[in-house]
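J.: Take this structure, written in structure tokens, and hold onto it; I'll ask about it next.
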Amino acid sequence: MYVNTNTFLTATRFRLLIQISFTLFYLYIGLRFAAFISWAVGSTDVFTPKPPSVEGFLPISALLGFRHLLSTGQWDTIHPAGLSIFIAILLMSFLFRKGFCSYLCPIGFLSSLLERAGRKINMAIIPHKWIDLPLISLKYLLLGGFLFVIFSMDTKSLEAFIFGSYNLASDARMLLFFTIPSKLTLAIICILFLLNVAIRNFWCRYLCPYGALLGLLAWIGPSSIRRDRTTCINCGKCTKTCPSGINIQEKIVVVSPECIGCGECIGVCPVDDCLSFSIYGKKHISLITIGIGCVSTLLLIWLWANATGHWNNEIPHNMLRKIYSTIPIYAPPSLLICLARL
Ligand code: SF4
Ligand code: SF4
Ligand code: SF4
């Protein structure tokens with residue numbers, strides 16, 4: 001027996017461990033960034049360096065940097081870590097399905113918790129395909145819109161954005177957006193929470209253009225979930241459990257852009273070796289390969305970026321203070337700053 005209950009439980013626990021570890025890491029860099037902002041707006045003289053990994057939360061800026069890299073061969077010097085993380089995520093999505101979504105993305109983690117909560121109260125449904133398919137197309141339309149605008153920009157316009165004041169402090173604007181949300185933002189977040197409980201992975205399934213891009217890369221990538229139809233008993237458990245609502249029991253190979261590589265289907269399948277994770281057609285690859293592969297890709301790109309000067313930006317301190325003083329950022333509470341300096 002290759003995929004037994006213990007193996008699956010180990011894979012599930014491993015995934016949860018990575019999700020929790022990364023969520024704690026994101027909280028830590030958020031605190032460090034808040035401490036940096038506190039210095040940048042002049043509420044303290046103690047300098048805390050800006051954590052470069054905070055730039056991973058700027059996918060649009062990274063996409064512009066990527067486009068600029070393709071047309072000029074020059075790395076983004078304003079958010080170099082953001083571009084490095086973006087490329088790592090593209091790579092891991094191509095190689096390990098949407099492993100970023102199922103292991104590393106904090107919104108994906110939150111979505112999966114809300115989905116579980118929804119299932120407990122008999123919700124978390126997938127709407128009928130006549131509603132579902134047009135809604136799924138929304139994220140591709142959004143992605144298409146972003147790609148069209150960004151790829152029709154000339155180098156001059158790209159550089160005007162990359163070196164412009166908005167992009168220079170876009171990480172602080174992101175912090176501001178989440179820490180001092182407007183009433184409208186709060187209302188939208190509450191509605192999205194409820195929709196994520198009622199409809200399985202509502203945000204990721206219908207609205208996230210980043211997930212759409214990663215799904216397309218996974219779709220053309222070498223990994224898949226394979227079903228052995230000679231041993232399948234058509235119990236339907238795999239389809240029922242899939243967080244992405246994929247009709248697995250009708251497929252031989254699952255390469256759908258919606259598959260996040262979570263392995264839930266493999267775990268519930270009652271027939272030994274009937275479903276398995278596969279890379280380049282090689283079946284029965286351990287499920288933890290996805291998590292290990294994603295984290296290793298990120299670590300390798302981080303090591304490379306640090307060694308080659310593609311991680312830290314070189315903006316002088318006095319200029320940083322000038323940049324961040326132009327937007328109305330509040331000084332974070334001092335207790336948080338102390339925690340961040342630990
Ligand atoms: S679809 Fe978007 S929000 Fe959802 S897990 Fe993937 S990247 Fe994160
Ligand atoms: S349950 Fe299976 S098919 Fe569905 S998203 Fe997870 S790995 Fe992909
Ligand atoms: S859970 Fe396994 S046996 Fe049941 S339908 Fe899916 S692949 Fe077939």
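J.: Being more than 16 Å from ligand 1 (Cβ to nearest atom) and in a loop (DSSP other than H, G, I, E, B) is the filter; apply it to segment 66-111 and report the residue that is surrounded by the fewest Cβ atoms within 10 Å (Cβ to Cβ).
T.: Restricting to residues being more than 16 Å from ligand 1 (Cβ to nearest atom) and in a loop (DSSP other than H, G, I, E, B), the top hit is Gly73.
J.: What tally of residues in segment 154-165 results from selecting those that are touching a helix residue (DSSP H, G or I) at 6+ places or on another chain (Cβ under 9 Å) and at pLDDT 90 or above?
T.: Selection size over segment 154-165: 6.
Yes/no per residue for (1) under 24 Å from Ser296 (Cα atoms); (2) in contact (Cβ under 8 Å) with a residue 24 or more places away in the chain:
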site: Leu24; (1), (2): yes, no
site: Ala40; (1), (2): no, yes
site: Leu70; (1), (2): no, no
site: His79; (1), (2): yes, yes
site: Leu83; (1), (2): yes, yes
site: Ile89; (1), (2): yes, yes
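J.: Only residues in segment 245-267 that are under 19 Å from Thr289 (Cα atoms) count as the first member; pair them with residues that are more than 16 Å from ligand 1 (Cβ to nearest atom) and in a loop (DSSP other than H, G, I, E, B), Cβ under 6 angstrom, at least 6 apart or cross-chain, and list the lot.
T.: Partner pairs satisfying both residue conditions: Gly263/Leu287; Ile266/Val3.
J.: A follow-up question, please. Report yes if some residue within segment 125-138 is surrounded by fewer than 16 Cβ atoms within 10 Å (Cβ to Cβ), touching a helix residue (DSSP H, G or I) at 6+ places or on another chain (Cβ under 7 Å) and within 24 Å of Asn312 (Cα to Cα); otherwise report no.
T.: There is no residue in segment 125-138 that is surrounded by fewer than 16 Cβ atoms within 10 Å (Cβ to Cβ), touching a helix residue (DSSP H, G or I) at 6+ places or on another chain (Cβ under 7 Å) and within 24 Å of Asn312 (Cα to Cα).
J.: A further question on this structure: Quick one: would you say Leu192 is closer than 16 Å to Ser112 by Cβ and outside any loop (DSSP other than H, G, I, E, B)?
T.: yes
J.: Here's a follow-up. Given (1) surrounded by 14 or more Cβ atoms within 10 Å (Cβ to Cβ); (2) of a type outside the set (D, E, K, R); (3) in contact with a helix residue (DSSP H, G or I) (Cβ under 7 Å, 6 or more places away or on another chain); (4) at pLDDT 90 or above, identify the lone condition not met by Ser278.
T.: (3)
J.: Criterion first (among the small types (Gly, Ala, Ser), part of a helix (DSSP H, G or I) and in contact (Cβ under 8 Å) with a residue 24 or more places away in the chain) does Ala212 satisfy it?
T.: For Ala212, the condition - among the small types (Gly, Ala, Ser), part of a helix (DSSP H, G or I) and in contact (Cβ under 8 Å) with a residue 24 or more places away in the chain - is met.
The values are calculated or read from the model by the stated rules, or taken from the named source; none is laboratory data. Computed from a prediction, not measured in an experiment: that's the story for all the values here. For neighbour counting, all protein chains shown are included, and Cβ atoms are generated from backbone atoms with ideal geometry for every residue, glycine included.
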